[in-house]
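See structure below.
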Amino acid sequence: MARTGRRPGGGSGTQEAILDAARAAFSEAGYDGATIRGIAGKAAVDPALVHHYYGTKEQLFVAAMELPFDPSAVLPALLEPGLDGIGERIVRLMVTLWDSAGDYNPFAALLRSAMTQEKAATMFREFATRAIFANVVKAIDADRPELRTGLVASQMAGLIMTRYLLKLPAMVQATPDELVAGIGPTLQRYLTDPLDLPSG
């Protein structure tokens, strides 16, 4: 007689079923709307098994989308030394991660989708807001931390676009040290200097 009920734990088949269910849930409901319980239901496993294999929802998203880094793993080391020099550290980290990914970079595919598909944009925006930007905002000891973080994101998006997606020759040929020296001070200014924005 065929077995019914929830899928037993163990084996790569169960893990892949969880990842498939997570991809579907994140795509359908966005990062905020997807839940571990809902993903477990789609995969026909107990929610405890999802936590066992993948930990938090953030870590499950990283695994399901095959992102090149886990924010919970890299952000503490990035932020712990304080804001002094953080602009250069951000650029060096991102360039190192993207360069090491080579031609196979699922993160690039996700960004391309986010530029043309509203669901993908929502999913990525929610993940970035909760897992990345919120942690940076907490570390900023200055006025308007959300805007400052957004300015940093705009600069990094430009770097990713020109070096890895559009592949502008000058940006592709630039060394990591050149990019750190060129972009790092701008990020530092966004995060720590007076913004001097017009009032009103």
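Listed by chain and number, the aspartates and glutamates whose C-alpha is less than 15 Å from the C-alpha of Lys119, apart from same-chain residues fewer than 8 away, are Glu28, Asp32. Just checking the listed ones, Thr96, Thr35, Thr149: in the Gaussian network model of the chain with Cα springs under 10 Å, the one fluctuating most is Thr96. Phi angles across segment 139-156 convert, under the Karplus curve 6.51 cos²θ - 1.76 cosθ + 1.60 with θ = phi - 60°, into 3J(HN,Hα) values of 7, 7, 9, 7, 5, 6, x, 5, 5, 4, 5, x, 5, 4, 4, 5, 5, 5 Hz, Gly and Pro given as x.
Answer rounded, prolate or oblate for segment 1-155, using the Cα gyration tensor with square roots of eigenvalues a ≥ b ≥ c: rounded when a/c is under 1.5, else prolate when a/b is larger than b/c, else oblate.
On the way: a/c = 2.09, a/b = 2.03, b/c = 1.03.
Prolate.
Under 10 Å, Cα contacts only: if you run a Gaussian network model on the chain, which one of Leu60, Leu83, Leu168 comes out with the highest mean-square fluctuation? Judging by the Gaussian network model, the answer is Leu168.
The accessible-area ordering, largest first, of the residues Phe133, Phe61, Phe124 stands as Phe133, Phe124, Phe61, per a 1.4 angstrom probe.
Note on Lys138: lysines with a C-alpha under 26 Å away, same-chain residues under 8 apart excluded, are Lys57. The peptide list 185-197, 45-57, put in order of mean Cβ contacts within 10 Å with the highest first, becomes 45-57, 185-197. Structural descriptor for the chain: relative contact order 23 percent, calculated from alpha carbon pairs under 8 angstrom and at least 6 residues apart. Note on Met123: accessible area is roughly 10 Å² with a 1.4 Å probe, heavy atoms of protein only. What does the C-alpha gyration tensor say about the overall shape of segment 83-197? Classify as rounded when a/c is under 1.5, otherwise prolate if a/b is larger than b/c, or oblate. Oblate.
The values are calculated or read from the model by the stated rules, or taken from the named source; none is laboratory data. A quick note: this is a predicted structure, and the numbers were derived from the prediction, not measured. Note that we place each Cβ from the backbone using ideal geometry, even for glycine, and neighbour counts take in every protein chain shown. The area values use the complete protein model at the heavy-atom level, side chains included, leaving out ligands, DNA and RNA. Shrake-Rupley method; radii C 1.70, N 1.55, O 1.52, S 1.80 Å.
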